[in-house]
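Shown next, in structure tokens, is the structure this report addresses.
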Amino acid sequence: MTSDEQTRRERAHGVDATLRVGKAGIESVADELDNQLKERDLVKVKFLRSARGGTTTEELAAELADRVGAEVIETRGNTATYH
């Protein structure tokens, strides 16, 4: 892990989740995540149980990152942080 990655992970702890993914899935928040990433360095997204279905938070987080061209900094529990 590089020092930049470590610094982002440390900063991610103080960031509140500003997006929530529910039963409508990641399509419903992809544009908003993209907009927030243009304004901020880090954005935290919470994946509600209804969004996960038979998948994991890590899988959904990676799919959402691919959709908006972002980087997943970390996933912890049901939350993912993006850069």
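Quick notes
- Options Glu32, Glu58, Glu63, Glu5; residue that is over 11 Å from the mean Cα position of the chain (by Cα), at pLDDT 95 or above and not hydroxyl-bearing (Ser, Thr, Tyr): Glu32
- Just one of the listed residues (Arg20, Arg49, Arg76, Arg8) is in contact (Cβ under 8 Å) with a residue 60 or more places away in the chain and not acidic (Asp, Glu), and it is Arg8.
- Single unsatisfied condition, Thr18 versus (1) surrounded by 12 or more Cβ atoms within 10 Å (Cβ to Cβ); (2) in a loop (DSSP other than H, G, I, E, B): (2)
- Filter pass, Glu10 being loosely packed, with under 11 Cβ neighbours inside 10 Å, acidic (Asp, Glu) and either in a loop (DSSP other than H, G, I, E, B) or more than 11 Å from the chain's Cα centre (by Cα) (or both): yes
- Among the residues of the stretch 42-76, the one identified as open to solvent by 60 Å² or more (accessible area, probe 1.4 Å), under 16 Å from Arg8 (Cα atoms) and either among the β-branched types (Val, Ile, Thr) or part of a loop (DSSP other than H, G, I, E, B) (or both) is Glu71.
- Of the residues making up the stretch 21-41, those that are of a type outside the set (Asp, Glu) and either touching a Leu at 6+ places or on another chain (Cβ under 6 Å) or assigned to a helix (DSSP H, G or I) (or both) are Gly22, Ile26, Ser28, Val29, Ala30, Leu33, Asn35, Gln36, Leu37, Lys38.
- Scanning the stretch 1-43 for residues that are in contact with a strand residue (DSSP E or B) (Cβ under 8 Å, 6 or more places away or on another chain) and within 25 Å of Gly54 (Cβ to Cβ) yields Ala17, Leu19, Arg20, Val21, Ser28, Val29, Glu32, Leu33.
- Evaluating Glu27 against the criteria (1) in contact with a Ser or Thr (Cβ under 9 Å, 6 or more places away or on another chain); (2) among the acidic types (Asp, Glu); (3) at pLDDT below 95 leaves one unmet condition, (1).
The values are calculated or read from the model by the stated rules, or taken from the named source; none is laboratory data. What you are looking at is a predicted structure, and each value in this text was computed from that prediction instead of being measured. Cβ sites come from the backbone with ideal geometry, for glycine too, and all protein chains shown count toward neighbours. Ligands, DNA and RNA are stripped out before the accessible areas are found, and what is left, the full protein with its side chains, is counted by its heavy atoms. Shrake-Rupley method; radii C 1.70, N 1.55, O 1.52, S 1.80 Å.
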